[in-house]
Amino acid sequence: MDKNKAGKKAKTVLVISSQVMRGAVGNRVNIYVLERLGLSVWAMPTTIMPWQPRQGVSHKLAVAAGDFAAFAADIAASPKALEIDAVISGYFVSPEQVEIAADLIKKLKQKRPDCLFLCDPIMGNENGPYVLPSVMQAVGEKLLPPADLVKPNRNELEWLCGEEFHDNAALVTAIKARFHQPFFVSSAFPQAAQAMGNLYYDGEQVWLAEHPAQATQLNGFGDIIASLFLYHYMRGAKAPELLQKTCAAVYACLSWTKRCGADELALASAPFDWAAPPLAKIKLARLA
C-alpha cells in the first residue's frame with residue numbers, strides 16, 4: 001500500500017455514490033484509489049447493482065429514501081462522525097437522496113467546520129444525461145452551494161450553467177460568474193489534436209493538462225479524478241502539480257487497462273504509484 005504522504009493519522013473520507021458488485025465504477029473506484037493513497041473510507045451507497053449498465057441488463061437496488069435517511073441519521077448522530085475529514089458525493093437516483101445527503105453534509109460540517117466537501121455532479125456524458133432532470137436540479141440547488149470543490153465533466157458543467165461551451169475561455173468565464181469554488185473540469189477543450197484535456201481553476205489560476213487520446217468505452221475515470229483531486233488538495237498541492245499528477249494517474253490507468261485487455265479498469269494490478277504516477281505524457285499549460 002502507498003504510504004500516507006502526510007505522515008500522520010490517516011484522513012477519513014465519506015463517499016456517497018453508486019456501488020457495483022463487479023467492476024470498477026462509483027464507490028468501488030473511490031474506495032480503492034483513496035485507500036491506496038493511505039486514506040480511510042466510509043462508503044454510503046445510493047444504488048447497488050451487479051455491474052454497471054455498459055456490461056448488460058441487471059437488477060438494480062436503489063436505496064429507498066427512508067433507508068437512505070436512516071443511514072444518514074445514524075452517521076450524523078454517531079460520535080465516530082468526527083473522524084470524517086472530507087466527503088465526496090457522486091451518483092444519486094432521486095432528488096430525495098440528494099436532499100438527504102445535503103443535510104448530512106451540513107451536519108458533518110457543523111461538527112467539523114474543517115470537513116471538506118467535494119461535489120462530483122455525476123449526471124451524464126457526451127451521450128446525454130443518465131439521471132432524472134429532478135436529480136440534476138437537486139444537485140445544482142442543494143449540493144453545489146455548500147461544496148468546497150467541484151468536479152464536473154464538460155457536459156455536466158454545461159447543464160449546471162444552462163449553456164453550451166465552445167472553448168475553455170467561455171467555460172472559465174461561466175465558472176467565475178456563477179461559482180466560488182475551485183473547479184476541476186474533465187473533458188475540457190484540448191489545444192493539441194488527438195488529445196484529451198482537463199482544466200483546473202483554483203480560484204485564481206487556470207491550468208490545462210493534456211495527454212494523448214485513447215479510444216475507450218471504459219468508465220470510472222471521473223471517480224479516479226475525484227479521489228485524486230481531493231487527495232492532492234488535502235495535502236496542499238499547488239494547481240499545476242495537482243492537475244498533472246491527477247491526469248497522469250488517469251492516463252497510466254487507462255494505458256495499463258488497455259494493455260491488459262480488461263473490460264473494466266485494471267486497478268488492482270496497475271504497476272504505478274497512485275500518488276506519484278509517471279508524468280512524461282502530461283503536457284501542462286497555464287491559461288490564465
ask   = So which residues in the range 111-130 are part of a strand (DSSP E or B), closer than 14 Å to Asn153 by Cβ and under 12 Å from the mean Cα position of the chain (by Cα), if there are any at all?
value = Cys119
Enumeration of residues in the range 218-234 that are at negative phi and not in a helix (DSSP H, G or I) = Leu218, Asn219
task = Scan the range 239-262 and give yes if some residue there is farther than 14 Å from Val29 by Cα, among the aromatic types (Phe, Trp, Tyr) and part of a helix (DSSP H, G or I), otherwise no.
result = yes
request  = State which residue is nearest to the chain's Cα centre (by Cα) when the search covers only the range 70-82 and only residues that are surrounded by fewer than 20 Cβ atoms within 10 Å (Cβ to Cβ) and closer than 17 Å to Ile48 by Cβ.
outcome  = Phe71
key: Failed condition for Gly23, given (1) more than 20 Å from Phe117 (Cβ to Cβ); (2) modelled with pLDDT of 95 or more   = (2)
key: Which listed residue is free of Cβ contacts under 8 Å to residues at least 40 places away in the same chain and buried (at least 17 other Cβ atoms within 10 Å of the Cβ), from Leu132, Leu157   = Leu157
inquiry  = Please count how many residues of the range 160-169 are among the small types (Gly, Ala, Ser) and either farther than 19 Å from Asp202 by Cβ or surrounded by 20 or more Cβ atoms within 10 Å (Cβ to Cβ) (or both).
reply    = 1
note = Of the residues in the range 10-45, those that are closer than 20 Å to Ala275 by Cα and of a type in the set (Lys, Arg) come to Lys11, Arg28, Arg36
query = Do we find that Asp85 is more than 22 Å from Phe221 (Cα to Cα), among the charged types (D, E, K, R) and within 19 Å of the chain's Cα centre (by Cα) in this structure?
reply = yes
inquiry  = I need the full set of residues from the range 236-277 which are exposed (fewer than 14 other Cβ atoms within 10 Å of the Cβ), of a type outside the set (Ser, Thr, Tyr) and without any contact (Cβ under 8 Å) to a residue 40 or more places away in the chain, in order please.
reply    = Gly236, Lys238, Arg259, Cys260, Gly261, Pro271, Ala276
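The values are calculated or read from the model by the stated rules, or taken from the named source; none is laboratory data. In this text, all values refer to a predicted model and were calculated from it rather than measured experimentally. Ideal geometry is used to build each Cβ from the backbone, glycine not excepted, and the neighbour counts take in all protein chains shown.
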